[in-house]
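Enquirer: Dropping the structure in here first, questions after.
What follows draws every value from the coordinates through simple rules; no lab data is involved. Since this is a predicted model, take the numbers as computed values, not measurements. Quick reminder, even Gly has a Cβ in these numbers, built from the backbone with ideal geometry, and neighbours come from all protein chains shown.
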Amino acid sequence: MAQNIYSTKSQEQKDFYNKTAQKYNKWHVEQASAKIVDAWNFANLEKFIKKNKNGELSRCLNLGCGTGRLSHNLFKISGEVYGLDQSNEVLKIAKEKYPKLKLTCAEVVNTPYEDNYFDMVIINGSLHHFFAVEETFAEVNRILKPKGFFILLGEPNAGYLKAYNPFFYGWVVNRIFSKILNLFKVEKDKKPEMIEPDAEVYVPAKLKKQLIKHGFKIKQLYTYDYFHRTENKLALSFYHNYLNFEHSFIAKIFPNMGSAIQCFAIKK
Ligand SMILES: C[S@@+](CC[C@H](N)C(=O)[O-])C[C@H]1O[C@@H](n2cnc3c(N)ncnc32)[C@H](O)[C@@H]1O
C-alpha cells in the first residue's frame, strides 16, 4: 500500500481506538461470548505449542494487543510478555489491568525490537486493521527467532458472507435468534454495540501464499465462527459446544468457510 494511504488508514485506526478504548473493552473483551471465543482460541494455541515446542518460550509478543485481552494469558506459557499497539488509550487500560505486561506504543510496520528477539508473535483480530499485510509479515519475520511461532487468531474470511457458503446460513439463523432474544428482553444487561472502522478481509489461500513468501511454514490454517455477542446462558453453552462441533466435524467437510481465520505458522 502506498505510504500516504497507509498513513491515513493508520491515523483513522489510531483516532478510533483512542476515542473508544473503554467501549471496546466492554463490547469485545468483557462480554461472556467474547470470553468463550478467547478461551477456545487459547486452548487451540496451547495444543499447538505442546505439539511443536522445542524448549522454553521465554519471550512472546502480542501485536495490536489492545486492552491486554489474550496477552495476560500468555504468562501461562511464557516468562516475558510484550504488547504493542499504536493507541495510547487502549494501552492505558492494558497497563492498569495487567502491570506485568511490557507495553510499547508504536506502529506495527516499524517496531522497536531487535532482530530474532521473540519466540512467538501473536496477532489476535488485529491484522485486518493494519492495512499492511505484507509489511507486517516482513516485520514479524525480522523480530522472530528462527523456528519461532507466528500465530494469527480471528482474522476475517473473505469467503464467508456468500450465498454458496453453508456457514452463511448459520450466521442468518444466529442473527434471527439474537433478534428474538432481544425482542423478549432476555438480554437484560446489553452493552452498547460497537462497529469498528473499515477493515480488510482475507482469502485464506492468498494469506497462505503471503506467509510463505515472507519465510513462514504453515502448520495449520482453518476457520471458525463468531456468534452474536450475548450474555444469555443457554446461547453461551450452545456456542461453546458449537465451536468444537464445527471444528471437528462441519469444517472438515467445508474447509476454510467459517467467518474467522486461525493460522499457526513457524519461521523457517
Ligand atoms: C480490533 S482491535 C484488537 C485488539 C486486541 N488484539 C484484542 O484482541 O482485543 C485492533 C487493535 O489494533 C491496533 N492497531 C490498528 N492499526 C495499528 C497499527 N498500524 N499499528 C499498531 N497497532 C494498530 C488498534 O489500536 C487496536 O487496538
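Enquirer: Tell me which aspartates and glutamates have Cα within less than 12 Å of K102's Cα, excluding those fewer than 8 residues away on the same chain?
Expert: Within the straight-line cut-off, K102 pairs with E80, D85.
Enquirer: Mean shadow of segment 110-268, computed from the convex hull of its alpha carbons, in nm²?
Expert: Taking the Cα atoms of segment 110-268, their convex hull projects to 10.7 nm² on average.
Enquirer: Here is a further query. Of the options Y117, P99, S237, report the single residue whose Cα projects farthest towards the positive end of the charge dipole of the chain (beta-carbon charges: Lys, Arg +1; Asp, Glu -1).
Expert: Farthest along the dipole direction, towards plus: S237.
Enquirer: Which longest uninterrupted range of the chain lacks any GluC sites (Glu not before Pro) assigned by DSSP to a loop state (not H, G, I, E or B) and surrounded by at most 11 other Cβ atoms within 10 Å?
Expert: Of all site-free stretches, the longest is 115-192.
Enquirer: Over all pairs of distinct alpha carbons, what does the Kirkwood formula give as the hydrodynamic radius of segment 71-193, in Å?
Expert: Evaluated on segment 71-193, it is 17.5 Å.
Enquirer: Once you wrap a convex hull around the alpha carbon atoms of the chain, what is its projected area averaged over all directions, in nm²?
Expert: Convex hull of Cα atoms, orientation-averaged projection: 14.0 nm².
Enquirer: Here is a further query. Please list, in order along segment 11-22, the HN-Hα scalar couplings obtained from phi with the Karplus expression 6.51 cos²θ - 1.76 cosθ + 1.60 (θ = phi - 60°), rounded to whole Hz, x for Gly and Pro.
Expert: Calculated HN-Hα couplings, in order: 5, 4, 5, 4, 4, 4, 6, 5, 6, 10, 3, 5 Hz.
Enquirer: If you don't mind, another one. Which far-off residues, 5 or more places away or on another chain, put their amide H under 5 Å from the one on V203, with H placed in the peptide plane?
Expert: A158
Enquirer: Work out how far the C-alpha atoms of segment 208-268 reach from end to end along every principal axis, then list the three figures in whole Å, largest first.
Expert: Extents along the principal axes, in whole Å: 44, 24, 15.
Enquirer: Excluding same-chain residues fewer than 8 positions from K19, which aspartates and glutamates have a Cα within less than 13 Å of its Cα?
Expert: The qualifying aspartates and glutamates are E89, E196.
Enquirer: Residues in segment 4-25 near a label at K97, defined as backbone nitrogen under 14 Å from the 7 Å Cα→Cβ point?
Expert: So the set is 21-25.
Enquirer: Once both axes come from the Cα atoms, what is the angle between helix 133-143 and the longest principal axis of the chain, in degrees from 0 to 90, rounded to 10?
Expert: Taking the Cα atoms of the chain, the angle to 133-143 is about 50 degrees.
Enquirer: Please build a GNM for the chain, connecting alpha carbons under 10 Å apart, and tell me which residue among D38, D115, D225 fluctuates the most.
Expert: Judging by the Gaussian network model, the answer is D115.
Enquirer: Here's a follow-up. In terms of modelled amide H atoms, which long-range or inter-chain residues lie less than 5 Å from the amide H of M120?
Expert: Here the answer is R59, L61, F149, since their amide H atoms fall under 5 Å of that of M120.
Enquirer: Now for a separate question. Tabulate in residue order the Karplus-calculated ³J(HN,Hα) for segment 108-113, using 6.51 cos²θ - 1.76 cosθ + 1.60 with θ = phi - 60°, rounded to whole Hz; enter x for Gly and Pro.
Expert: Values, residue by residue: 5, 7, 8, 8, x, 8 Hz.
Enquirer: Cα axis of helix 166-183 to longest principal axis of the chain: angle in degrees, 0 to 90, nearest 10?
Expert: 60
Enquirer: So which of K162/K208; K53/K97; K47/K268; K35/K95; K97/K217 end up more than 23 Å apart by C-alpha?
Expert: Among K162/K208; K53/K97; K47/K268; K35/K95; K97/K217, the Cα-Cα distance tops 23 Å for K53/K97; K97/K217.
Enquirer: Hey, another quick one. Can you tell me which aspartates and glutamates have their Cα less than 12 Å from the Cα of K147? Leave out same-chain residues fewer than eight positions away.
Expert: D119
Enquirer: Taking 7 Å along the Cα-to-C-beta vector as the label spot, tell me the K23-E80 distance in nanometres, rounded to one decimal.
Expert: Simple spin-label model gives 3.7 nm for this pair.
Enquirer: Once the dipole of the chain is set up with Lys and Arg at +1 and Asp and Glu at -1 on Cβ about the Cα centre, which of Y24, A163, G66 lies farthest towards its positive end?
Expert: Value computed over the given set: A163.
Enquirer: Turning to a different aspect of this structure: About the Cα centre of segment 3-267, how large is the charge dipole given +1 on each Lys and Arg Cβ and -1 on each Asp and Glu Cβ? Please answer in debye to the nearest 20.
Expert: Rounded to the nearest 20 debye, it is 700 debye.
Enquirer: Please find, in a Gaussian network model of the chain (springs between Cα atoms separated by less than 10 Å), the residue of G64, G79, G125 whose mean-square fluctuation is greatest.
Expert: G79
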